[in-house]
Amino acid sequence: MHICGNRGLLIVIFSVFAGCFFLTRCNTSEKKESGGPLQYAEFAGSAACAKCHQDIFEKNSQTGHFLTSAIASQDLIKGSFEAGKNEYHFTPLSSVKMEKRNDSLLQVEYIMGKQKDDGKIDIVVGSGKKGQSYLSWKHNSLVQLPVTYFTPESTWTSSPGFQARKIAFNRVVTSRCLECHGTYFEITSPKGQHPETFDRKNIVYGVDCERCHGPGKEHVNFHLNNPEVKEAKYIVNTGSMSRQINLDLCGLCHQGGINKTQPSFSFKAGDNLLDYFVHSNIPLQTGGIDVHGNQLGLLSQSKCYTSSDMTCQSCHSVHEKEQGKTLLFSQRCMTCHTEGKSKLCGLTKTMGSIINNNCIDCHMPRQQSHSIAVYTEGADVPTPVKMRTHYVAIYKDESNKMREFLKSGHAK
């Protein structure tokens, strides 16, 4: 939900999986020109994919990727607009209320009970698994609104990166932020203009089919006119990509510490990420990699990664909603960590095969983000978001917790 903090760090929502409702780590520096960004006319829209891929479309529409941005509606917004439940106090004298006025959903600033400023909730960012942030159009630019819905506490909070006691309606959202929370936003401003402007009509919300398979209008038109052709034409098949190109596709949003060298929405599926970005000069050490936004950076330091040809898709089925399915992910761990194939878990000898039902909490525990935190009402210390680390390793404290949990008989 933090939209492009002043430090200029690259995001990566995600969330993943799931929602990725925090927009952070955005970098807007550009070093060279490219052939230019994609064009809106190249996109078919994911609904067009449903004509031939109905099952995949329906499953994918429930994922955090797909739901990471959308046109705002009261049904999509997780927090309440009901009186008594719709207000967040920044100070005893200042607050923001979530209000519905006619057909508009608003965040309204009050100082000593008198309205001072407001912003219309135009775009919802985040699937809601961890929370949601909200964007507002200001002419043809976008700003982030000051109040966020924080799912772990089921409450309104300040938006991440905002000052604890200061209400602001002018935090600009850049194209680099939007690149990881949308499939396409058409940029209408010239290079270097700040704030950037966008065409409100030429937007493909969410990280949908065409973000990972490339613009599909030509593909859809061809196959509608040539139904007898079974080989997929004019579309990117991620299954045929090399390992590095496959990782680059995820790395666009899940590899922090990269700075863009070409305009946002130029990179597309099948491209080499380093043709569009350069790595920052920050040393890649696990202790300095935040659990938000650089899952690939953490994974690349893991023995699982360095000793195999795994990619993100070795563990994630991106077409389906899988958050919270620890048994499913553990089973995927066991495809490699079986006797005679790879090293077995050291607790198997003492705890038995039951330990194999939850590899994740031991070896990929949830950790506090250093970059994403929110202030709950009245708090002087921010509450950090917890996300699952992708540095796969032995965490003794977590292993001990799991051992005691299993010994207590809570798991079967």
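With respect to PRO160, determine if the residue is part of a loop (DSSP other than H, G, I, E, B), touching a strand residue (DSSP E or B) at 6+ places or on another chain (Cβ under 8 Å) and buried (at least 24 other Cβ atoms within 10 Å of the Cβ). When the stated conditions are applied, PRO160 passes them.
Do you know which residues across the range 181-193 are in a loop (DSSP other than H, G, I, E, B) and in contact with a Ser or Thr (Cβ under 8 Å, 6 or more places away or on another chain)? Outline the logic, then answer.
So in the range 181-193, the residues in a loop (DSSP other than H, G, I, E, B) come out as 181, 188-193.
HIS181, THR188, SER189 - these are the residues of the range 181-193 that are in a loop (DSSP other than H, G, I, E, B) and in contact with a Ser or Thr (Cβ under 8 Å, 6 or more places away or on another chain).
From the residues in the range 343-374 that are among the hydrophobic types (A, V, I, L, M, F, W, C) and in contact with a Phe, Trp or Tyr (Cβ under 6 Å, 6 or more places away or on another chain), which one is farthest from MET402 (Cα to Cα)? Only one residue fits best here, namely VAL374.
Wholly within the range 335-412, which helices (runs of 4 or more DSSP H) include no fewer than the required count, namely at least 2 residues that are over 28 Å from the mean Cα position of the chain (by Cα)? Full working, then the answer.
Working: elements: 348-351, 360-363, 396-407.
Passing ranges, in order: 348-351, 396-407.
For (1) under 23 Å from GLU42 (Cβ atoms); (2) touching a Phe, Trp or Tyr at 6+ places or on another chain (Cβ under 6 Å); (3) at pLDDT 95 or above; (4) not small (Gly, Ala, Ser), each residue gets a yes or a no:
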residue: ASP103; (1), (2), (3), (4): no, no, no, yes
residue: ILE123; (1), (2), (3), (4): yes, no, yes, yes
residue: LYS138; (1), (2), (3), (4): no, no, yes, yes
residue: ILE167; (1), (2), (3), (4): no, yes, yes, yes
residue: VAL173; (1), (2), (3), (4): no, no, yes, yes
residue: LEU178; (1), (2), (3), (4): yes, yes, yes, yes
residue: ASN202; (1), (2), (3), (4): yes, yes, yes, yes
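Considering only residues in the range 224-241 that are polar (S, T, N, Q) and within 27 Å of the chain's Cα centre (by Cα), the one that is nearest to ALA41 (Cα to Cα) turns out to be ASN237.
Matching residues to (1) among the basic types (Lys, Arg); (2) in a helix (DSSP H, G or I); (3) more than 20 Å from the chain's Cα centre (by Cα); (4) buried (at least 20 other Cβ atoms within 10 Å of the Cβ):
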{"position": "ARG165", "(1), (2), (3), (4)": "yes, no, yes, no"}
{"position": "PHE169", "(1), (2), (3), (4)": "no, no, yes, no"}
{"position": "ARG176", "(1), (2), (3), (4)": "yes, yes, no, yes"}
{"position": "PRO195", "(1), (2), (3), (4)": "no, no, yes, no"}
{"position": "ASN202", "(1), (2), (3), (4)": "no, no, yes, no"}
{"position": "ARG211", "(1), (2), (3), (4)": "yes, yes, no, yes"}
{"position": "GLU218", "(1), (2), (3), (4)": "no, yes, yes, no"}
{"position": "PHE222", "(1), (2), (3), (4)": "no, yes, yes, no"}
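Residues of the range 306-326 being loosely packed, with under 12 Cβ neighbours inside 10 Å and not small (Gly, Ala, Ser), which ones? Passing the criteria: THR306, ASP309. Restricting the range 104-135 to residues that are of a type in the set (A, V, I, L, M) and in a strand (DSSP E or B) leaves a set whose member that is surrounded by the most Cβ atoms within 10 Å (Cβ to Cβ) is VAL125.
Only one of the numbered conditions (1) modelled with pLDDT under 95; (2) in contact with a strand residue (DSSP E or B) (Cβ under 7 Å, 6 or more places away or on another chain) is not met by PRO152, and that is (2).
The values are calculated or read from the model by the stated rules, or taken from the named source; none is laboratory data. Bear in mind the structure is a predicted one, so any value in this text is a computation, not a measurement. Don't worry about glycine lacking a Cβ; one is built from the backbone with ideal geometry, like all the others, and counts go over all protein chains shown.
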